[in-house]
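Worksheet: one structure, shown below.
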Amino acid sequence: MELSQLEVFLAVAREGRFSRAAEKLYRTQSAVSQTIRKLEQELGEPLFDRSSRDARLTDAGQVLFEYAEKLVNLRNDARASLSELEELHRGKLVIAANEFTVLYLLPVLEEFRGRHPMIKITVQRALGSHIPDDVLRHNAELGVLSYEPREPNLHSVIVYLDELVLVVPPQHPLASGPQVSIRQLGTESFVAHIVSSPYREKVLQAFKRHKTPLHMGLELPTLQAIKQFVAMGNGVAFMPEISVETELARGDLVRIPVQELHLDRKLRLIYRKEASLSHAARAFLKVAEAVAEQRKGRYRFQRES
């Protein structure tokens, strides 16, 4: 008894007629009949009631139908699992992120590489404002944002809670205080990122509400350059906390709470709603969820849409 015979048997049983089963299987009716006769000979039992015009199952046929269906489904499941395994060995994944949001990815990538070392991952650098379009245009399968996407065709998952923080060098006069007010920052020289963001606008508006000037004497192209320049004793800066964790722990920078300014930032993984995600992308989301469960704290895995 072969699976191919069982597939023919199932087709006849489901279609109710040999002729319709032959059409569905793209075979001649005589070939279908011959396959069923051979199967009946092997089993020593009639599977269909030949006295009926329709292909009605005998008691033996009904018993075989249940087992045949399970066997064929198991074969299909095995093929699907092997295909998925092969995909996870040969797959690739493109993720769009900027220099800030990529920092969230690092521990997730480490865990993912440990589980799926054969999948090639490319983290594609992009402006935060361009990432939704990159995902919708299939330039990347996943994206990491620091704001809620407005595009209705995107799913989003909150994966990390960050905060914009004020950092100063250890020798700065403000470094010894428990907190500062916006008015106290009116005479400070700020080092800023050359790429503007919605959070910069929020900071500017907060300073404006308190009638305090914000002096941005220098703009630099990377977060690394900004924090290194400030650590050297040159000015102060508002930075994503995730980007200065190491420097704060080492004492190279000091975080100072600002009384009137609390800017939380939710990092999100996004992907297309209508898309059938690749095995690699689905595996990545599972790892992101596992990392959130392991690390807790600021890590999350909260689906929004």
With 0.36 nm assigned to each residue of separation and the Cα-Cα distance removed, Gln179 to Gln294 gains 38.2 nm
Among Gly114, Val159, Pro149, the residue whose Cα sits farthest towards the positive end of the charge dipole of the range 92-168, when +1 is placed on the Cβ of each Lys and Arg and -1 on the Cβ of each Asp and Glu, is Gly114
Pull out the extension gain between Glu260 and Glu66, defined as 0.36 nm times the separation in residues minus the alpha carbon to alpha carbon distance; nm, one decimal. 62.9 nm
If one compares the long axis through the Cα atoms of helix 102-115 with the longest principal axis of the Cα atoms of the chain, the angle in degrees, nearest 10, works out at 40 degrees
Where does the chain land at 222 nm, in deg cm²/dmol rounded to the nearest 500, when only DSSP H runs of n ≥ 4 count, each adding -39500 (n - 2.57), divided by all residues? -14000 deg cm²/dmol
If I model a spin label at Glu274 and Arg50 as a point 7 Å from the Cα along the Cα→Cβ vector, what separation in nanometres do I get? 5.4 nm
As a footprinting exposure proxy, order Phe9, Phe112 by other Cβ within 10 Å, with the fewest listed first. Phe112, Phe9
Would you mind estimating how fast the range 3-88 diffuses translationally, via Stokes-Einstein at 20 °C and 1.002 mPa s with the Kirkwood radius over Cα pairs, in µm²/s? 157 µm²/s
Which label marks the calculated value of percent of Cα pairs over 29 Å apart, given the options [x] 35; [y] 49; [z] 56? [z]
Taking the dipole about the Cα centre of the chain, with the C-beta of Lys and Arg at +1 and of Asp and Glu at -1, give me whichever of Thr187, Gln29, Ala13 is farthest to the positive side. Thr187
Could you tell me which GluC sites (Glu not before Pro) in the range 243-301 are loop residues by DSSP with no more than 14 other beta carbons within 10 angstrom of their beta carbon? Glu260, Glu274
Given Cβ point charges of +1 (Lys, Arg) and -1 (Asp, Glu) and nothing else, what value in debye, to the nearest 20, does the dipole of the chain about its Cα centre take? 480 debye
What is the distance, in nm, between label points placed 7 Å from the Cα along the Cα-to-Cβ direction at Arg200 and at Leu248? 2.2 nm
How much length is gained on full extension from Arg303 to Asp133, taking 0.36 nm per residue of separation minus their Cα-Cα distance? 59.2 nm
Rg and Dmax of the range 173-305 over Cα atoms: what are they, in angstrom? 18.3, 55
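Any read-out appearing in this document is the output of simple, stated calculations on the displayed coordinates, not a laboratory observation. Everything quoted here is computed from the prediction, not taken from an experiment. Please note: Cβ atoms are built from the backbone with ideal geometry, for glycine as well, and neighbour counts cover all protein chains shown.
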